[in-house]
Amino acid sequence: MTFDTLGLSADLLRTVAEEGYEHPTPVQAAAIPDVLAGRDMLAAAQTGTGKTAAFVLPILDRLRPHANTSFSPARHPVRALILVPTRELAMQVFESVETYGRTVPLRATVVFGGVPIEPQIQALRAGVEILVATPGRLLDHVGQRTVNLGQTEILVLDEGDRMLDMGFLPDIRRIIELLPAKRQNLLFSATFSEDIRRLSSTILRDPVTVEVAPRNTAAEDVRQIVYPVDRDRKEALLAHLIRKQDLRQVLVFTRTKLAASRLASILDRQGLDAVAIHSDRSQQDRMRALEGFKKGEIRVLVATDVAARGLDIEDLPHVVNFELPWQAQDYIHRIGRTGRAGATGDAISLVCIDETDLLRGVQRLLKVAIPWAVEDGFIPDKNAEPRPLGRGRGTEGATGHHPHRKPVHAGDGRRRR
Ligand code: AMP
């Protein structure tokens, strides 16, 4: 399956190729043609499935005929309104609009609460065709008459279930009343709950339903397991598990560059052929390490999330979370490197007491409890006190980084043409 058959413009096909996307994800393959055709849609897709591109790309092509370079704000009314539950998601989606739409002369902006409204007003006054917004702040703008939604042609509700959970239903209804009756509606939600079905039946007209197995979380194909362990025993436990289970081609994740280098050298000293790859290593070094890993000469590759993002490695038998990621979503990206295409894989997480909140976040996102195993000789100390996790030097992508950000540290590893 390639992108060319979905009906996108040559311009956007070039952009996705530049982004390093070789194949559409299942939700993209299923959604893009119908969104391009103007259909309403109810799509079940979690974060990490490529859902953002699944609606942003076809919206860009649908709105392209409106692109113009006029200075008059009146020539740039809001045509697509993308409602999202949180400020983080708002920023991510907006960034995707900018990334995917970089060659399309449509204007976009983002508004969310908790920040000064004035700059948002300026941006809205200048005119924008694509508006990403959280419901509350959007209604503030409506109240101040800084935005007019009367020419909206496409409405997207992203993470619909979360918006309902957060109590946005009345706001959403008020916003919808401001939109023209004739419009295209897209509702994306991680789950199809009763509430979502009810919402969809009141908003969507004859929708196409898209439901795809969540990429990466394909839980049945990935055996996930958590080993509780003391923080200073993790290296020893990892070496022990690799030997005992005779693991080969193990991709190990750490949160920081420093931890990656340190761990690789400890394992390597123990005769476990390990190499760290991260942004401080040259592209050439990283390519060499990767080749060695693929050929089986390197048994353990230790990577940070940011460095791994630029690497063409999947279908691995074993992924290890030496440290849980800051962002629960990164857990999904990490374990998505294993268990693809029907093959089984395992995802081992070594979790110390300091990481219990991170683990909770992962389980909440996955909506599963990951089974635990305690290894003899590595039983954690019951009296251990948690310590705050430092986000100090050497941290790669620790704060506010998210899946859409270009891997600025990771060289051009992801641009495979
Ligand atoms: P999302 O589910 O929209 O949050 O996207 C998750 C991540 O997948 C983002 O980092 C995207 O850049 C990336 N992505 C989206 N579509 C593709 C694709 N077709 N191939 C590879 N990566 C993709």
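Where a number appears in this text, it was derived from the coordinates with a stated rule and is not lab data. Worth saying up front: this structure is predicted, and the values here are computed from it rather than measured. All Cβ positions, glycine included, derive from the backbone under ideal geometry; neighbour counts span all protein chains shown.
Compared with the dominant principal axis of the Cα atoms in the chain, helix 51-63 is inclined by about 30°. Each Cα pair under 8 Å and six or more residues apart adds its separation to the average, and for the chain the resulting relative contact order is 17 percent. Across the options Leu389, Asn321, Ile370, the greatest Cα extent toward the positive end of the charge dipole of the chain (unit charges at beta carbon of Lys, Arg, Asp, Glu) belongs to Leu389. Pair-distance distribution of region 74-180: all C-alpha pairs, bin width 5 Å, starting at 0; shares per bin in whole percent are 2, 13, 26, 28, 20, 9, 2, 0. Legend: calculated FRET efficiency, Ser282 to Asp376, from the Cβ-Cβ distance at R0 = 51 Å, rounded to 0.05, equals 0.75. Panel order for Trp372, Trp326, by other beta carbons found within 10 Å of each beta carbon, from fewest to most: Trp372, Trp326. Placing +1 on the Cβ of each Lys and Arg and -1 on the Cβ of each Asp and Glu in the chain, which of Leu63, Ile82, Thr304 has its Cα farthest towards the positive end of the resulting dipole? Working it through, the farthest residue towards the positive pole turns out to be Leu63. Packing around the peptides 103-114, 31-42, taken as the average count of other Cβ atoms within 10 Å per residue, puts them in this order, highest first: 31-42, 103-114. The loop-placed trypsin sites (Lys or Arg not before Pro) in region 138-242, going by DSSP, that have at most 10 neighbouring Cβ atoms within 10 Å of their Cβ come out as Arg145, Lys182. For the chain, the longest principal axis of the Cα atoms and the long axis of helix 87-100 meet at an angle of about 80 degrees. Build a GNM of the chain with springs between Cα atoms under 10 Å: which of Gly271, Gly292, Gly377 gets the top mean-square fluctuation? Comparing Gly271, Gly292, Gly377 in a Gaussian network model of the chain, the most mobile one is Gly377. Between Thr202 and Ser9, the simple spin-label model (points 7 angstrom out along Cα→Cβ) gives 3.6 nm. Cα centroid distance between region 346-360 and region 98-124, in Å? Cα centroid of region 346-360 versus Cα centroid of region 98-124: 37 Å apart. Dipole of the chain computed with +1 at Lys/Arg Cβ and -1 at Asp/Glu Cβ about the Cα centre; of Pro73, Ile172, Thr344, farthest Cα towards the positive end is Pro73. Multiplying the residue separation of Gln245 and Asn68 by 0.36 nm and subtracting their alpha-carbon distance yields 57.6 nm. Taking the fewest neighbouring Cβ atoms within 10 Å as the starting point, the ordered list for Phe3, Phe71, Phe378 is Phe71, Phe378, Phe3.
Compactness check for the chain: Cα Rg over 2.2 N^0.38 Å is 1.05. The dipole here belongs to region 1-127: it is taken about the Cα centre, uses +1 on the Cβ of Lys and Arg and -1 on the Cβ of Asp and Glu, and is about 460 debye.
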